[in-house]
Amino acid sequence: MKAFITTAWAAALLLAATGGAPHDRTAADAPCTGQIHANPGFELGSTGWTVGPRMVVLGDTARPAHTGLAYAAFAGLDVTHTDLLRTTVTVPAGCDLTVHFWVRTTTTETSRSDYLNVGLAVTGIPPKTRFSLAFDGGSQWRQYSMSTGTATTDRTATASFLASETAGNGVTAFDVDDVTFTLS
Ligand SMILES: [Ca+2]
């Protein structure tokens, strides 16, 4: 009899967990863990990313990727233009999202003219530029990170990389690789 009650109780709990959930995702199905972007290192080209007009995803053995073969390149053209790299992910309720990314800056500038603004727009929070990188960003890959914090509802988070180059002050190329989106 005791065994029967235990089994029935377990079945009732299971029913409540599945039938009672307001969404198809439950806390058990969506733990706040892991990297959630399908193409963080651009090895699948621009899949999963919005890529601006003059941006390219490339592999260049003379200028190696941070990892793998490919990375996103804001080419140094010494023409006045802006270019955008952007992607959006879903941040489940209760989760914090940390975006790690690597940038390499190759430039002939010696003062701030060309720049790469990195932003994170999160549901319920005004969009904000988290980093504004320029000529002093370094010719070796450097890592940066930014986080959303947590909320009680599901949110979307859009990471954006906006490069601006002005003609005549020197040539700057910004390379971006391994943009990871990790829940915790
Ligand atoms: Ca890569």
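The values are calculated or read from the model by the stated rules, or taken from the named source; none is laboratory data. Keep in mind it's a predicted model, so treat the numbers as computed, not measured. Virtual Cβ from ideal backbone geometry, glycine too; neighbours counted across all protein chains shown. Please note that ligands, DNA and RNA were not included when accessible areas were found on the heavy atoms of the full protein model with its side chains. Shrake-Rupley method; radii C 1.70, N 1.55, O 1.52, S 1.80 Å.
Just to be sure, is T87 under 25 Å from G41 (Cβ atoms) and under 16 Å from the mean Cα position of the chain (by Cα)? The answer is yes for T87.
Across region 85-106, what is the number of residues that are of a type in the set (S, T, Y) and open to solvent by 40 Å² or more (accessible area, probe 1.4 Å)? Explain how you work it out, then say what you get.
Here is the first cut: in region 85-106, the residues of a type in the set (S, T, Y) are 87-88, 90, 98, 105-106.
Narrowing the set further to residues that are open to solvent by 40 Å² or more (accessible area, probe 1.4 Å) leaves 88, 90, 106.
Result for region 85-106: 3.
Entry remark, region 125-172: residues being within 24 Å of G48 (Cα to Cα), more than 19 Å from the chain's Cα centre (by Cα) and within 16 Å of the ligand (Cβ to nearest atom) number 0 in total.
Restricting to region 27-56, name every residue that is touching an Asp or Glu at 6+ places or on another chain (Cβ under 8 Å) and within 14 Å of the ligand (Cβ to nearest atom). Talk me through it step by step, then tell me what you get.
Going residue by residue through region 27-56, those that are touching an Asp or Glu at 6+ places or on another chain (Cβ under 8 Å) are 32, 40-42, 52-55.
Scanning region 27-56 gives P40, G41, F42.
Only one residue in S184, S111 is out of contact with any Gly (no Cβ under 7 Å at 6 or more places or on another chain), under 24 Å from F42 (Cβ atoms) and either free of Cβ contacts under 8 Å to residues at least 24 places away in the same chain or among the small types (G, A, S) (or both). Which one?
On the way: S111 fails: under 24 Å from F42 (Cβ atoms).
Sole residue among the options that is out of contact with any Gly (no Cβ under 7 Å at 6 or more places or on another chain), under 24 Å from F42 (Cβ atoms) and either free of Cβ contacts under 8 Å to residues at least 24 places away in the same chain or among the small types (G, A, S) (or both): S184.
Scanning region 57-74 for residues that are open to solvent by 60 Å² or more (accessible area, probe 1.4 Å) and either touching a Cys at 6+ places or on another chain (Cβ under 6 Å) or more than 9 Å from the ligand (Cβ to nearest atom) (or both) yields T61, A62, R63, P64.
Selection over region 93-113 of residues that are at pLDDT 95 or above, in contact with a helix residue (DSSP H, G or I) (Cβ under 8 Å, 6 or more places away or on another chain) and assigned to a loop (DSSP other than H, G, I, E, B) gives a count of 0. The set of residues from region 45-82 being among the β-branched types (V, I, T), outside any loop (DSSP other than H, G, I, E, B) and more than 19 Å from the chain's Cα centre (by Cα) comprises just one member, T82.
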